[in-house]
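Take a look at the structure below.
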Amino acid sequence: MVFGLQAVYVSALFVSSWVLSRTWVAGMLAVAWYVINRPDTTRVDEAVPLRENWALPYFSIQVAALTGFLCNSISTGTEMLCFLLMSASSFIFLLVWDHSHYVLFVQALCLFLLDSFDLVPHRKVADMHKLYVSCLLATYWCQFQNPALLSSPLLCLLFGSTLARYFQQNMKRGPVVARIIKLCLHFYLVFTTSITFNYLVKKVLPATENDFILKFLEAKLGLNTTTDFVTNFLLCQDGFQSPGQDLFFRLTQASVLPFYLLVLAICLLSTLESIYRRLRGQPVKEKLRLEDGRIGEHPEVTYHVFHTLLFGGLVLLFDGTKYLWTPHVCMFTAFGVCSPKLWMTLFKWLNLKSLDPVVLSLTLSTAVPTIICFSLWREHCPRVVSELADLQEFYDPDTVELINWIKTQAPMAAVFAGSPLLLGTVKMCSGSIVTSLPLYSDITLLRRTEDPFQVYAMRSPEEVYKILSSQKTNYVIIEEAICNELSLNRGCRIKDLLDISNGHVVYDKGEMYSFSKHGRFCNEIKMNYSPYTNYFTRVFWNRSYHVYKVNSGRMSVEAADRVAAVNSRPSTPPQTSWFEFLLDGTLLEKHLQKQNPDPLPVQLIVQFLEQASKPSLNEQNQVQPPVDNRRNRTLKLLALKVAAFMKWDLDALEKGLTSPVLNMLLNELLCVSKVPPGVKHVELDLSTLPPTTAMAVIIYNRWAIRTIVLSSFPEKPNRPGPHQMNMLSIVQQEKEMTDNILTVLKEQSADSISVLEGALCLKKDFYVHTMRTLELLASDAAANGETESSTAGLRISADEFHCQVHYDLGGIFFQQGSTEQSAYVKARDHFRQTKELLQKLERPVHVHLDEQRLTGYWNACRALTGDGGSVDTHTSPYNQINSHIRTHNYQAVIEAFVKDNVSRSLPTHFRRSVLREFMYKVQQGESGLQEVCQKLCVCNAVRDTLEGDILSVRFQQLLLRPSKPIVDFMLEVCTRSLEKNSSETHRRNMGHLLRTLCESLEDLSLAFSVSSHKLFLELLSEEQRKVLVEQMRRRSATVSLCSKPLPSFYDIPASASVNIGQLEQQLNLSLEPRRIRQILIELHGITERPFWRVNNKWEVPADYINVILSIKDSLTKDLVFILMAKGLHCISIKDFAHARQLFSASLELVTEFSPKLRQVMLNEMLLLDVRAHEAQAVGGSRERPPSDLVSRVRGYLEMRIHDLPLRQVVGEECVAFMLNWRENDYLTLQVPPSLVMNNPYIKLGQLLASTCKELPGPKESRRTAKELWETVVQVCSVSVQHKRSSDGRVGLIKHRESSMGILQRNKFITFIKKLREPLVLTSLISLFVRLHSIVRDDIVNEVTAEHLSIWPSTLANIQAVDVEAVAVTVKELVSYALTLNPNNQSWLITQADIYFVTNLYSAALNFYLQAGAVASDFFTKHVPSDVYTDQVLKRMIKCCSMMNCHTQVAVLCQFLREVDYMTAFKALQEQNSHDAMDSFYDYIWDVTILEYLTHIHHKRGEAEKRQIAVKAIGQSELNTSNPEEVLQLAAQKRKKRFLQAMAKLYF
């Protein structure tokens, strides 16, 4: 019904927009915008049973009627119709929703403003006042004198407005100033009178609801603070928060908001213009034309302007009120863009002269909506259609498990306590009694909700017990999601609200800490220690929920129950062993004749054959086949005796034995019966063989074809068989042997059929071995021919024998019919003869067949061959149904099923097979049979109900969304299937079906139609009907908890399928958690030993090893250890996907029994996520981490759990993560001071964050920089000890690892190498560079870096600093930074300086050139002077000089601001130069240097080199008479070419 009301809602919006704009296009556009913005216009998708979903459609109808009522150009009849419609919808609106009078108060305020500004006739406003008062009084009476309605702001406003109007009858007369004064006085009188009236009503009729709302508004607006739980709880709800930007972003995406602002601006300005006219005394123009351009003169438009403004203001305060405002926005905007009056008003203001404004208005009012509709259809139609087609349901397996436990294990009268949302689910799905419900509008119920929430507070068990007992609670449900809730807004967690309300909080330096002498109840109770166990007993738990029974007495009776259970176990008699039958020959027959022999006969066969087939070992320990000795022969004979006692019943043997065992048994029978070996059975003449021998051959071939037939059926369960040699495991061996045997039998199937067909030609009786004949064989009595005589053994008549063989042959031919159609004819003939012989036999003794299956075979063969036979189709229901199916008379099939519900002649499996056949046809594409399938499913469900069977899954799926015809058909079938004289059981079962039907139907209209049916009223009592109807009204269709639960991690079958060695190998290689668990189960099934030691490379952190090894269950211990070890290994190789699977499985496992291990796994999963995201960042990803990950990192840094092992690496990674993603504000401002004192990584991170944050201003950053400096100096310091030597002198001993710093040096370097934020690394590099320069005390060879000025220039105790450690650290730090960003100019210069001061000149020159190449795009541009400073250039010159590259030195001397001629001339004088010398002359642009080159080469007699120098100096662009610009261009050109040539040499 609620979905039908939503259709009414949309229709009302359509009508409102149509009435305002006078065009249906506006209505269509309003509906389109409503559907597109569905998440912001309605909550029916996510919460169907909300009261607002039932109430708002009536409000929409009322607004539509009010729109028509306010129009000036309507007739009296139409006005009366609108008034009546408003009255009815307003009354229902007030009746359905208890907050509706606040909504109508806002509407009445709009009408009050319209009346005050004289924008609407006062007569209509007075009529509306009468309507409001009458509806309020009627609702007051219907809601049992609800006092909140009498003190509602709506009634107060009506009283104040009426009274003020009475005293100000001439308010709208006089000049402008007088009218404004009267209007202000009118407002003052109305609101003061309203407030006074409200105060007096509260004194007479106290209404706590309004008082609470006032206190809530005070807290919301920041006028007051409170510790009240309910108030703070509501303030933290999403609906009472201010809306986020995403709301307006979504409205903008759907093009609603831009047009809305345009329409609102025009209408508002026109309304203000109309108000100004009224104040000046201009009368209202009754008949407005389009040409007037006064849209603000229309009262219906003016009302909607005030309506949208007031409700929009509410939305800015409370996000939940957007469901009142957004639909109106869609309607109002659609009206505006489609209304010619609005466009005409705009053009009238613009004073258009070139175009006719009327024509233009009409054109735009059509064109703009058309363009908008086309755009919406193109952009949003596919998405909306897919969303509407995606009818997914919420499913939570943990909640399903909880509900199933409540339904099956908890008493019907039990009272449950818990969170309101969960208790609502429990109430709907199980019908149990609960202490609270999620109704936030009921203040009393909200107050009651606070009590069950105390299980998440820091209260003592006695206090919680008293609170729960006061509500008569039997079971309390604790949710892990609330108990361990992590949220960015810590003050809004349930446990935070409870701590504030209970006074368990302490404020220290702006931080809130929880403090109490008791631990948090929800965590403490899981520890299972006294006194918690005295008051509460855990009865159910899973990953998400823990259910505790509130003990009625002070002591738990759990231990007494266990003792009683142990003492009440009956004693079991000892089982007879297989070897006892070897010792006593008469024991077997006595044992088999017992009523309940233990072991069973088939178990004895397995034991005898297992012992007889055991392999033996020779002297060389080689495996040999079983020895053919007397013991083994006797064991085989005993197995045959057991089978003979069972009268060779193949049905019983096949059910109890596997194919390999039965094959061994029958082969032994052939051997004992002296069947000639090596001869095919088809070649034997059965008529000439002894009777027992022929029967042995027949039994074997019968089993052969029966095995082939059974193999085509669904797989049957495995049974234990005898051990065979050279097999990997029992199960693997049986499977392989079964497949091999089946292959051989299929190859010989034709021979077996021929043997049995030949046996049918024998018309004599048959004999089979008995225990006596087998005993005679054992005693060698066969020599006298007794066992070969025609009367030896158990006699089987020819008819019984033929009946059995015909049945077996029919089965094999029916199985072959799928590939050969003619085989069905043979099968039909064999089954016909079987039926005839079976009717002929009065009391068959040796015929073992399933008559129901025979009937099914017979009908199937007749249907497949199309043979009606001689049987009357009108008397056989099988044949009737088959005939109807062949003739496509499906209605007759349905009718036959309905009638069979009364006669119950058709077996259930046949009915289901017919349904499966129709379902198959539907899957093949015959969609017309869908309705037939549904009706047959209904018929079968009714039949199952009458017989007390469980309803099928198909029927449960059909109940999810049935159509009305199907529901009507269901009721008809139920009525026809229940006879007048039906038993009480049938009537009770049928009533249960109807109740299930009502509870399962999501459409409440269908559910109520069922509840009003005659049969429903007849079968259910009045009390049951009332309870069911109440449940239907409160039921939510958004949560479907009746589906089949998904398989969990614990539902994996365990079987030992391979030997220990291969299992351990698979355990080493597998990364699949389910497979790992299965392997461990198989290993523990074979032997008990610690398998976590299988691989010595499986390592778990030392912090966790004691916690894991303390697990008592060895399987769980191995599984947790291996999952964690493999997960850590996957993290180390950056296989994060498998690591996440392994950790998730481990988390799921430990959650069940260890909160401590659960938190450990959560910490490791946090480390995994951090490293995974950091790996993506190192790989080039710039995506910021999700907010959830950041909040988890903060939660870990703030976590303080007693006795929880914490790995330092997790805290280290978390701090590095925060620094890398520039969460400096958190580290500097929000981290609690206590954490800074206790965690060295947090302290170091805070110092780094503060320093980086203040880096732009050196003076401001000196304080935090100094703290960081002192911390790092302590890390790099060494401890000094004085020791007196043997000669009495005192010496110094330095220890490299000092305890002075907050971290050890190796840990500090490891932490640094986890950082990758450039600013943080630059700060650390500059710090270590300054420290390196101070401890080396070499002013000439100092290393340079950025931001050196913020660090101190002196060191108090320089002797305490380890110089070597500082040098190594600065090298490692710069090298690591360059691996992250090899193009950072500052780092490259620093690295070059490090190599320079350590005399590695080639490497230094390499990095100097790299810095220049990065800064100039590989020297295609000018290298900035701040990169190649004079200091850098001089160091490059020295590098070249030290490498004897003197020509390069001369060229580089030109790069200095002042050319260093002395160094250049000295370098050119060197004759032992290792560079190319004259090849670099082209890069010299200084004429002085070139002239010196010419002189020196002439002096040395080097003519060729002199000529090259002369050629270089003779270039025209180097002429000193050239302009300065030409000379500079020549110099720049040669600089670039020279540096490129150097790069080729040194890169």
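Structure summary
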quantity	calculated
Looking only at segment 804-835, and only at residues there that are open to solvent by 20 Å² or more (accessible area, probe 1.4 Å) and among the aromatic types (Phe, Trp, Tyr), the one that is nearest to residue 861 (Cα to Cα)	824
Hey, residue 1071 at pLDDT 80 or above, open to solvent by 40 Å² or more (accessible area, probe 1.4 Å), outside any helix (DSSP H, G or I) and of a type in the set (A, V, I, L, M, F, W, C) or not	yes
Whichever residue in segment 217-246 is under 19 Å from residue 195 (Cβ atoms) and either modelled with pLDDT under 70 or not in a helix (DSSP H, G or I) (or both) and, among such residues, is most open to solvent (accessible area, probe 1.4 Å)	223
Single residue of 1312, 1350 found to be more than 26 Å from residue 1209 (Cβ to Cβ) and modelled with pLDDT of 80 or more	1350
Subset tally (residues that are among the polar types (S, T, N, Q), modelled with pLDDT of 80 or more and surrounded by fewer than 20 Cβ atoms within 10 Å (Cβ to Cβ)) for segment 970-995	3
Residue in segment 313-323 that is open to solvent by 30 Å² or more (accessible area, probe 1.4 Å), without any contact (Cβ under 8 Å) to a residue 60 or more places away in the chain and over 36 Å from the mean Cα position of the chain (by Cα) present	yes
Selection within segment 740-756 - among the aliphatic types (A, V, I, L, M) and open to solvent by 20 Å² or more (accessible area, probe 1.4 Å)	741, 742, 744, 750
Qualifying residue in segment 195-202 (condition: assigned to a helix (DSSP H, G or I), hydrophobic (A, V, I, L, M, F, W, C), open to solvent by 50 Å² or more (accessible area, probe 1.4 Å) and touching a Cys at 6+ places or on another chain (Cβ under 9 Å))	yes
Positions within segment 1509-1547 being closer than 13 Å to residue 1483 by Cα and outside any helix (DSSP H, G or I), in sequence order	1515
Yes/no for residue 362 being modelled with pLDDT under 90, part of a helix (DSSP H, G or I) and either over 19 Å from residue 28 (Cα atoms) or of a type in the set (D, E, K, R) (or both)	no
Those strands (runs of 3 or more DSSP E) lying entirely in segment 502-615 with at least 1 residues modelled with pLDDT of 80 or more, within 37 Å of the chain's Cα centre (by Cα) and surrounded by 12 or more Cβ atoms within 10 Å (Cβ to Cβ)	536-541, 545-550
Residue check for residue 94: open to solvent by 50 Å² or more (accessible area, probe 1.4 Å), more than 30 Å from residue 178 (Cβ to Cβ), out of contact with any Lys or Arg (no Cβ under 8 Å at 6 or more places or on another chain) and not hydroxyl-bearing (Ser, Thr, Tyr)	no
Residue within segment 48-65 that is under 27 Å from residue 245 (Cα atoms) and outside any helix (DSSP H, G or I) present	yes
Elements of type helices (runs of 4 or more DSSP H) contained in segment 885-987, each with 2 or more residues being under 35 Å from the mean Cα position of the chain (by Cα)	908-923, 930-946, 953-958, 964-977
Single match in 1469, 1448, 1454 (criterion: open to solvent by 50 Å² or more (accessible area, probe 1.4 Å) and among the polar types (S, T, N, Q))	1469
Selection within segment 1476-1508 - of a type in the set (D, E, K, R) and either in a helix (DSSP H, G or I) or surrounded by fewer than 18 Cβ atoms within 10 Å (Cβ to Cβ) (or both)	1478, 1482, 1491, 1499, 1500, 1502, 1504, 1505, 1506
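The values are calculated or read from the model by the stated rules, or taken from the named source; none is laboratory data. Please read these numbers as outputs of a predicted model, since none were measured by experiment. For neighbour counting, all protein chains shown are included, and Cβ atoms are generated from backbone atoms with ideal geometry for every residue, glycine included. Remember, those area values only see protein heavy atoms, side chains included, never the ligands or the DNA or RNA. Shrake-Rupley method; radii C 1.70, N 1.55, O 1.52, S 1.80 Å.
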